[in-house]
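The values are calculated or read from the model by the stated rules, or taken from the named source; none is laboratory data. Since the model is a prediction, treat every value here as computed from it, not as a measurement. Don't worry about glycine lacking a Cβ; one is built from the backbone with ideal geometry, like all the others, and counts go over all protein chains shown. Areas reflect the complete protein model, heavy atoms only, side chains present, ligands, DNA and RNA absent. Shrake-Rupley method; radii C 1.70, N 1.55, O 1.52, S 1.80 Å.
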Amino acid sequence: MKLVFAGTPEVAVPALDALIASGRHEVAAVVTRPDAPAGRGRRLVASPVAERAEEAGIEVLKPARPRDEDFLARLREIAPDCCPVVAYGALLPKVALDIPARGWVNLHFSLLPAWRGAAPVQHAVMSGDEVTGASTFLIEEGLDSGPVYGVLTEEVRPTDTSGDLLTRLAFAGSGLLAATMDGIEDGTLHAVPQPADGVTLAPKITVEDAQVQWSAPALRVDRVIRACTPAPGAWTLFRGERLKLVQATPAVDRSELAPGELSVGKNNVFVGTGSHAVELLWVQPQGKKPMRAADWARGVRIVPGELVGS
């Protein structure tokens, strides 16, 4: 088939690579979000998908909105058979959905109908799911509601951050998406409607959502920190400034601390929660680089009984 691939961040690059490497289909063009400011200089930078496509000599389309007439006209000229999608980042209007003969097929990082929305991996970690996965489905106008072509499962490990899990799913899912394109092309794969039961939503995790509530049980605190790593980054307040919580672990043998109360040893920093404590391993003070929590604690000279949190 002639394909137009839509995707933007680094997590979409393995799928693009898999489609290019398969040799069975032609990736005629790539659709990605416009260049965005990045770094201290806020210089405009192309998306990871755009950079990979340019390296491969593939045409790159960067519409400000996917309903822009210039973009739609070019898509009609290319006349793709199918448009595989991974984390494109913009809502596709019906006029665009109708152009490819076999539709737009999304690789979504959950076992649909669970975790429909922008942040399925973060919500899976935050909710304590033991198993998640990836699904390929035909895009409709509804939110991740289209019929499913294929799925794969992936264990959520006890120490997984969202970044860890998403990386594994991106590489495993790239093979699923390539196999889905093959099955659509040869007629051996047919989309199956999603069940009506089991629908859960995964809206974007905001900075406010990432603030740790120390009155929650340690298990919940641990999940929030892992779910928000690397983005948007879990945080708490310390002496009126944000302290980013890069890595922590439950400390089941420490239960004497009040929620938010700090306890500093020679090489350890513990914080009380609604159950037992958690040990802070790595933190990032405002305006500084990540550092070991013990080094941070020595530098700020924590007073006995001092608290983190609002």
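State to the nearest 20 debye the size of the charge dipole of the range 169-293 about its Cα centre, where the only charges are +1 on K and R beta carbons and -1 on D and E beta carbons. Could the numbers behind the result be given before it?
Details: 12 positive and 12 negative charges, 169 e Å.
So the dipole magnitude of the range 169-293 works out to roughly 820 debye.
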Exercise. Could you list log10 I(q)/I(0) for the range 209-270 at q = 0.13, 0.22 Å⁻¹, which the Debye formula gives when each Cα is one point scatterer?
Worked result: -0.33, -0.98
Exercise. With point charges of +1 on the Cβ of Lys and Arg and -1 on the Cβ of Asp and Glu, referenced to the Cα centre of the chain, which listed residue (188, 36, 79) lies farthest in the positive direction of the dipole?
Worked result: 36
For this session: Please work out the average accessible area per residue across the chain, using the 1.4 Å probe convention, and give it in Å².
Result: 48 Å²
For this session: Report the one residue of 25, 275, 198 whose Cα lies farthest in the direction of the positive end of the charge dipole of the chain (charges on C-beta: Lys and Arg +1, Asp and Glu -1; origin at the Cα centre).
Result: 275
Exercise. How large is the charge dipole for the range 153-198, taken about the Cα centre, if only the Cβ atoms of Lys, Arg (+1) and Asp, Glu (-1) carry charge, to the nearest 20 debye?
Worked result: 120 debye
For this session: Net charge near residue 14: determine it from the other residues with C-beta under 13 Å of the C-beta of residue 14, scoring Lys and Arg +1 and Asp and Glu -1.
Result: 0
Exercise. Rounded to the nearest 500 deg cm²/dmol, what is the calculated helix-only ellipticity per residue at 222 nm for the chain, with -39500 (n - 2.57) per DSSP H run of length n ≥ 4?
Worked result: -8000 deg cm²/dmol
Exercise. For residue 36 and residue 266, what is the calculated FRET efficiency with R₀ set at 45 Å and r taken between the beta-carbons, to the nearest 0.05?
Worked result: 0.50
For this session: Would you kindly find the accessible area of residue 140, with a 1.4 Å probe and non-protein molecules such as ligands, DNA and RNA excluded, rounding to the nearest 10 Å²?
Result: 90 Å²
For this session: Take the cross-link list 2/204; 62/244; 244/289; 204/288 and give me the ones stretching past 22 Å between alpha-carbons.
Result: 2/204; 62/244; 204/288
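Considering only the other residues whose Cβ falls under 11 Å of the Cβ of residue 291, what net charge follows from Lys and Arg at +1 and Asp and Glu at -1? Mind showing how you got there, number by number?
Details: positive: 244, 288, 289, 292, 298; negative: 295.
Surrounding charge for residue 291 is +4.
What fraction of the DSSP beta bridges in the chain is antiparallel, stated in percent and rounded to the nearest 5? Let's see the in-between values first.
Values: 36 of 52 bridges.
Counting DSSP beta bridges with both partners in the chain, the antiparallel share is about 70 percent.
What does the charge add up to near residue 157, with Lys and Arg as +1, Asp and Glu as -1, over the other residues with Cβ less than 14 Å from its Cβ?
So the surrounding residues net to -4.
Just check the range 171-263 against the gyration tensor rule for me: Cα atoms, a ≥ b ≥ c as the square roots of the eigenvalues, rounded for a/c under 1.5, and otherwise prolate or oblate depending on whether a/b exceeds b/c.
Details: a/c = 3.06, a/b = 2.77, b/c = 1.10.
Judged from the Cα gyration tensor, the range 171-263 comes out prolate (a/c at least 1.5, a/b above b/c).
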Seminar exercise, completed: In whole angstrom, the spacing between the Cα centers of the range 248-310 and the range 37-106 equals 45 Å
Exercise. Over the range 15-54, what relative contact order in percent results from Cα pairs under 8 Å that are six or more residues apart?
Worked result: 30 percent
Exercise. What order do you get for 130-137, 51-58, 118-125 when each peptide is scored by the mean count of other beta carbon atoms within 10 Å, highest first?
Worked result: 118-125, 130-137, 51-58
For this session: Quote the convex hull volume per residue of the range 207-310, based on C-alpha atoms, as a whole number of Å³.
Result: 88 Å³
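On average, how much area does the Cα convex hull of the range 60-102 cover when viewed from any direction, in nm²?
Numbers: hull surface 11.9 nm².
Its Cα hull, projected and averaged over all orientations, spans 3.0 nm².
Which number do you get for Rg(Cα) / (2.2 N^0.38 Å) in the range 117-162?
Details: Rg = 12.0 Å, N = 46, 2.2 N^0.38 = 9.4 Å.
Normalised Cα radius of gyration, the range 117-162: 1.28.
How large a share of the accessible area of the range 41-171, in percent, is made up of carbon and sulfur atoms when the probe is 1.4 Å and the other protein chains stay in place? List each step's numbers first, then the result.
Working: 3020 of 5940 Å².
That share works out to 51 percent.
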Exercise. Expressed as a rounded percentage, what relative contact order does the chain have, with Cα pairs under 8 Å and six or more residues apart?
Worked result: 13 percent
Exercise. In nm, what is the difference between 0.36 nm times the number of residues separating residue 62 and residue 288 and their Cα-Cα distance?
Worked result: 77.9 nm
Problem set entry | Student exercise, the chain dipole from Lys, Arg, Asp, Glu Cβ charges, in Debye to nearest 20 | 1280 debye
Problem set entry | Cα principal axis extents for the range 246-300, largest first, Å | 31, 19, 15
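Over its Cα atoms, what ratio of radius of gyration to 2.2 N^0.38 Å does the chain give? Walk me through the numbers on the way to the answer.
Working: Rg = 22.3 Å, N = 310, 2.2 N^0.38 = 19.5 Å.
Relative to the 2.2 N^0.38 Å estimate, the chain comes out at 1.15.
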Problem set entry | Percent of C-alpha pairs per 10 Å bin, the range 38-178, short to long | 10, 35, 34, 18, 2
For this session: Please work out whether the range 146-199 counts as rounded, prolate or oblate from its C-alpha gyration tensor, where a ≥ b ≥ c are the square roots of the eigenvalues and a/c under 1.5 means rounded, while otherwise a/b larger than b/c means prolate and anything else oblate?
Result: oblate
Seminar exercise, completed: Cα-based Rg then Dmax for the range 1-118, in Å, read 14.1, 43
